[in-house]
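Student: Attaching a single structure in structure tokens format; questions to follow.
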Amino acid sequence: MTVRLLELPRSAKRLVVVAVDLILALFSVWFAFYLRIDRAGLPHAQQGYVYLLAPLLAFPLFVRLGLYRAIFRYTGMAALASTAKAVGLYGALFFLALMLLKLDGVPRSVGLIQPILFLLLVGASRAMARFWLAGSSVVKMGHAEGRLLIYGAGAAGVQTASALGIGRQFVLLGFIDDDPAKIGRSINGVDIMGPDDVRDAVERMAVTDILLAMPSLGRARRNAIIDSLREVPVHVRTLPGMVDLASGRVTVGDIQELDVEDLLGRAPVPPDAALLARNLSGKTVLVTGAGGSIGSELCRQIILERPVRLVLVEHNEFGLYTIHRELDGLCTEHHLPVEVVPLLASVSNLGRLREICRHHRPDTVYHAAAYKHVPLVECNPSEGVLNNVFGTLNMARAAMEGGVEYFVLVSTDKAVRPTNVMGASKRLAEMVLQALAARDAASFGILDSAPADEDGALAGDSIANRTVFAMVRFGNVLGSSGSVVPLFRRQLIKGGPLTVTHEEVTRYFMTIPEAAQLVLQAGAMAHGGEVFVLDMGRPVKIVDLAKRMIQLAGLSVRDDRNPGGDVELKITGLRPGEKLYEELLIGDNPEATAHERIMKAREDFMDWSDLAPVLVEIRQAAEANDRENIVKVLCEHVHGYEPQRSEPCDTTLVPRDDMGRPIETTAAR
């Protein structure tokens with residue numbers, strides 16, 4: 001019956017409500033007479049006019065005040081207040097009408113009793129409709145999605161409980177709070193328990209989900225709570241931050257999976273506003289690789305510092321379109337007078353870079369364009385070298401010719417004692433900038449394939465170096481393209497297995513916003529040739545991260561000790577060029593800086609006169625696609641580079657699914 005009623009047209013539903021209100025109005029008049037004169041029966045004398053007056057007053061007022069536009073199964077306190085207001089106005093008019101009409105056999109007190117009875121009856125009808133009809137969504141679904149505890153008995157938790165009560169997608173079983181003053185009390189009939197009671201409550205009440213409803217909680221405390229729930233067999237979810245809850249409304253749709261920051265994040269250090277703005281505010285800033293994970297976040301933070309112009313250089317058309325559209329939206333939202341210039345260009349095209357720098361005259365360049373995927377660069381070493389090394393050199397030359405003041409290279413921890421071409425190429429790119437920073441002028445003729453002098457000297461005009469070069473080195477960023485966390489999420493959705501290349505693989509992790517913020521501040525501290533190293537915190541074992549994600553999804557790991565577990569962990573073997581451990585320093589003598597999470601490394605490098613012939617040799621090898629000579633040059637001149645002895649990596653080019661399994665294709669067969 002309930003389902004049939006809900007499926008009626010809107011007009012039919014309104015007629016049902018009007019009919020109910022009409023019956024309640026007549027009944028309340030009869031009951032008022034009964035209470036006043038202690039006699040039941042049909043109206044006599046002029047009492048019949050009262051039965052006519054009640055609906056004639058009530059119906060137009062209820063229509064005018066919108067009582068028939070409400071959806072009863074979503075009725076809340078605001079709707080009940082509107083009902084009370086409408087009945088109150090009706091009561092005043094009803095009493096006034098009886099006073100003026102002075103009908104025989106109608107006591108004046110009926111004008112007071114009937115509106116009170118009518119209010120109680122109409123309010124009760126709305127409340128009953130809410131609880132009766134709201135339950136129909138559960139009937140239609142068959143059952144709720146889960147049995148829930150809310151961690152946090154504050155405002156956000158109460159709002160969430162209210163939203164859950166409307167949606168009926170979860171059965172709310174209790175609140176958790178660590179405030180002793182709240183433990184043992186209840187909110188709307190739902191008990192509040194302490195953190196020590198969670199495990200027992202989960203087992204006793206068959207809880208499936210715990211929702212973190214503490215959007216303003218500090219990162220350290222939040223991580224401690226999440227860590228305490230790791231061994232509890234429930235799915236842990238979260239609400240968005242306070243900015244997203246500013247409207248004061250919480251819906252079931254706001255409930256999210258735990259973000260990567262919740263898994264591995266740390267409390268951010270507030271940025272130095274003056275340091276951030278130093279090379280950005282009122283400047284023309286150019287970002288290469290602007291559509292990538294780091295490049296796009298650099299752009300988001302740069303634009304908030306109000307540069308005059310932000311030049312986006314990106315060779316990926318869709319990536320450039322996406323970040324340009326987003327930045328235009330930020331300018332509109334924050335009323336930022338910034339000119340955003342999207343330019344399709346490759347850092348391999350020196351002429352294009354020169355034209356860009358001549359036309360736009362950037363003050364600061366952030367060079368984030370690079371090939372960073374280790375196995376792909378390992379299989380395509382010539383492209384890796386041409387893009388990472390000579391793309392950096394091209395951008396540096398264009399910057400020097402264009403009078404750029406600051407040039408910041410976004411580097412990687414894989415440049416330290418690399419075991420892969422990607423890391424070695426990034427270290428060689430660092431060495432290029434170190435060598436340029438140490439010279440007052442540099443000559444590049446031979447690097448343009450111009451003839452060299454007989455003694456090997458470099459031909460071509462010298463370029464005076466007034467550009468401050470700096471490099472910022474850090475590890476993996478959470479949620480970037482190619483990051484392991486999104487891969488694990490996709491694998492979890494499919495039921496596993498979660499693929500890890502080696503049980504001992506360990507990585508440093510940092511959130512993309514924190515990394516970009518620190519890059520901007522490090523670049524502002526540069527004087528020339530520095531290699532800055534970001535404090536990445538403690539390294540994380542990838543296998544531990546996988547287990548943690550499985551546990552926080554309310555699942556268990558399937559292994560030899562637990563063969564009946566939900567999700568398997570599969571070890572697939574190290575990929576070409578992959579290291580077990582990453583390092584941030586070649587030496588062990590970092591210097592502190594003014595920022596607690598930025599250090600300065602002392603890294604040896606070659607003079608430009610010695611480095612230039614090396615660049616000529618490796619470019620010739622790269623242009624000839626001579627892998628053997630590329631590796632040979634890198635081994636000779638990049639400190640600590642020890643390429644892994646592995647089979648040719650053609651097999652890594654076979655298409656693979658999220659589980660690491662080869663996809664059957666004609667070419668693969």
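Student: What is the set of long-range amide H partners of residue 571 at a cut-off below 5 Å, with H atoms built 1.01 Å from backbone N?
Tutor: Here the answer is 500, since their amide H atoms fall under 5 Å of that of residue 571.
Student: Could you check the spin-label model distance between residue 38 and residue 339? Points 7 Å from the Cα along Cα→Cβ, value in nm.
Tutor: That separation, rounded to one decimal, is 9.2 nm.
Student: Hey, another quick one. Quick check: residue separation of residue 127 and residue 354 times 0.36 nm, minus the Cα distance between them. What number comes out in nm?
Tutor: Answer, rounded to one decimal: 74.5 nm.
Student: Are there any trypsin sites (Lys or Arg not before Pro) in the range 208-238 that are in a DSSP loop and have at most 13 other Cβ atoms within 10 Å? List them by number.
Tutor: Passing sites in the range 208-238 are 230.
Student: Based on the Cβ-Cβ distance of residue 625 and residue 594, what FRET efficiency does E = 1/(1 + (r/R0)^6) give at R0 = 45 Å, to the nearest 0.05? Don't jump to the answer; show the numbers that get you there.
Tutor: Numbers: r = 46 Å, r/R0 = 1.01.
Efficiency for this residue pair is about 0.50.
Student: Report the relative contact order of the range 282-431, percent, no decimals, based on alpha-carbon pairs under 8 angstrom and at least 6 residues apart.
Tutor: Reported as a whole number, the value is 24 percent.
Student: In addition: Rounded to whole Hz and in sequence order, give me ³J(HN,Hα) for the range 43-48 from the Karplus expression 6.51 cos²θ - 1.76 cosθ + 1.60, θ = phi - 60°, writing x for Gly and Pro.
Tutor: Values, residue by residue: x, 10, 6, 9, 5, x Hz.
Student: Let me ask something else about it. Can you list the HN-Hα couplings for the range 506-514, worked out from phi with the Karplus curve (6.51, -1.76, 1.60; θ = phi - 60°), rounded to whole Hz and with x for Gly and Pro?
Tutor: 10, 9, 8, 9, 8, 6, 4, x, 5
Student: Mind listing the phi-derived Karplus ³J(HN,Hα) values for the range 378-386, rounded to whole Hz, using 6.51, -1.76 and 1.60 with θ = phi - 60°, and x for any glycine or proline?
Tutor: 4, 7, 10, x, 5, 5, x, 5, 4
Student: Shifting gears a bit: Non-local amide H neighbours of residue 308 (under 5 Å, H modeled in plane, Pro and chain starts lacking H): which ones?
Tutor: Amide H neighbours of residue 308, under 5 Å, 5+ apart: 282, 283, 284.
Student: Could you pull out the pairs from 426/570; 414/632; 494/570; 570/632 whose alpha carbons sit more than 24 Å apart here? Please report the intermediate quantities before stating the final value.
Tutor: Working: 426/570 31 Å; 414/632 19 Å; 494/570 14 Å; 570/632 35 Å.
Violating the 24 Å Cα-Cα cut-off are 426/570; 570/632.
Student: Shifting gears a bit: Gain in length, residue 64 to residue 494, computed as 0.36 nm per residue apart minus the alpha-carbon separation, to one decimal in nm?
Tutor: On the way: separation 430, 0.36 × 430 = 154.80 nm, distance 5.31 nm.
This chain segment gains 149.5 nm when fully extended.
Student: Continuing with the same structure: Quick check on packing: order 377-385, 173-181, 520-528, 415-423 by the mean number of other C-beta atoms within 10 Å, highest mean leading. Provide the component values of the computation, followed by the final result.
Tutor: Numbers: 377-385: 23.2, 173-181: 17.3, 520-528: 20.8, 415-423: 25.7.
Peptide ranking by packing, descending: 415-423, 377-385, 520-528, 173-181.
None of the figures in this text is laboratory data; all of them are computed from the coordinates on show. Bear in mind that the values here come from a model prediction, so they are computed numbers and not experimental data. Heads up, the Cβs are rebuilt from the backbone with ideal geometry, glycines too, and the neighbour counts pull from every protein chain shown.
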